[in-house]
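Worksheet: the structure to be examined is printed underneath.
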Amino acid sequence: MTKGIRVMFSKRVKIMTLAMLSAISLICMDAAMAARPVDENMAIVEVAAMSAQATPETVESALVSAPAENTADSGDVFLALEDQYPENLVFDGESDEVVAERLLGYIENLDTLSADFTQIAPSGAISTGKLSLRRPGFLRFEYDPPTPLLIVANGGLVYVRDEALETTDSYPVGKTPLKLLLKKNIDRDDAKIIAVDRGVDTIAVTFGSNAEETEGELTIIASAPDMALERWIVRDLQNGITVVTLENVETGIRLANRLFQVPEAGGQFLKN
């Protein structure tokens, strides 16, 4: 490989990664793409294909239609992308393990967090509401009407209240990858790093679990280098993607105990 070709290849890899990670910062960048290694054809797929309206199927279709071999015009595409994404990747000189550790350390240092959230379900349904998080162990998703759901994590269980059906179901926190957001000390042996992606001012780390009971994968997206939680993406065992994006985030605030009362199950208020 000549020096010129090596330089071009290095430039292409950088541009492809920047294009993909800029797309990750959009609301519907799904865990499947975040966990997928960079493909050499990614640079010639329009970034719009991974916009808020994109699906894994449409992105994969664009990849399939991309030429298998480079053409004389492909260099112009790479140069155009370089002009559009001139900045360096955040934490570019650090290993994936170090970047993931930065994120885990940030989560462990979180005390309380309150935010408005927008959720996109695997079906494409969009819901909004209020998120309250008090680490370790407590979480509340209060959905805005007409969504009839209330989700509360308390005492190692997640309770899902459906007002329309008048039912309350529960399951162990350990069955969901969201346990990474709730544990006081995250078990590094359990938190399996699947992918680490760097953007200009954003990182996306996809975690699985070595525990058999834990179902699915979790991609946590945070601003960088300051490390502030922006969104997460859950992929379930059926490859369904749920995206939760946070806005108006406040941390270090007092959250009332009543927020984490078990819904419609005779739960007692926590002692102050």
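The values are calculated or read from the model by the stated rules, or taken from the named source; none is laboratory data. Nothing here was measured: the structure is a model prediction, and the numbers come from that model. Note that each Cβ is placed from the backbone with ideal geometry, even for glycine, and that neighbours are counted across all protein chains shown.
All but one of (1) in contact with a helix residue (DSSP H, G or I) (Cβ under 9 Å, 6 or more places away or on another chain); (2) free of Cβ contacts under 8 Å to residues at least 60 places away in the same chain; (3) surrounded by fewer than 18 Cβ atoms within 10 Å (Cβ to Cβ); (4) part of a strand (DSSP E or B) hold for PRO136; state the number of the condition that does not hold.
(4)
Only residues that are touching a Gly at 6+ places or on another chain (Cβ under 6 Å) and either surrounded by 19 or more Cβ atoms within 10 Å (Cβ to Cβ) or closer than 14 Å to VAL262 by Cβ (or both): list them for segment 143-180, please.
Across segment 143-180, the qualifying residues are VAL173, PRO177.
Go through (1) part of a loop (DSSP other than H, G, I, E, B); (2) of a type in the set (D, E, K, R); (3) in contact with a Leu (Cβ under 6 Å, 6 or more places away or on another chain) for ASP187 and report which single condition fails.
(3)
What are the pairs with Cβ atoms under 9 angstrom where one residue, in segment 235-263, is over 26 Å from SER223 (Cβ atoms) and the other, located anywhere, is exposed (fewer than 12 other Cβ atoms within 10 Å of the Cβ) and not aromatic (Phe, Trp, Tyr)? Sequence gap at least six, or different chains.
That search, which allows pairs on different chains as well, returns GLY240/SER123; ASN257/LYS271; ASN257/ASN272; GLN261/GLN268; VAL262/GLN268.
Within segment 219-249, which residues are at negative phi, out of contact with any Gly (no Cβ under 7 Å at 6 or more places or on another chain) and not in a strand (DSSP E or B)?
ALA224, PRO225, ASP226, GLN238, GLY240
Quick one: in segment 202-240, which of the residues that are surrounded by fewer than 20 Cβ atoms within 10 Å (Cβ to Cβ), over 15 Å from the mean Cα position of the chain (by Cα) and not hydrophobic (A, V, I, L, M, F, W, C) is modelled with the lowest pLDDT?
This residue is GLU212.
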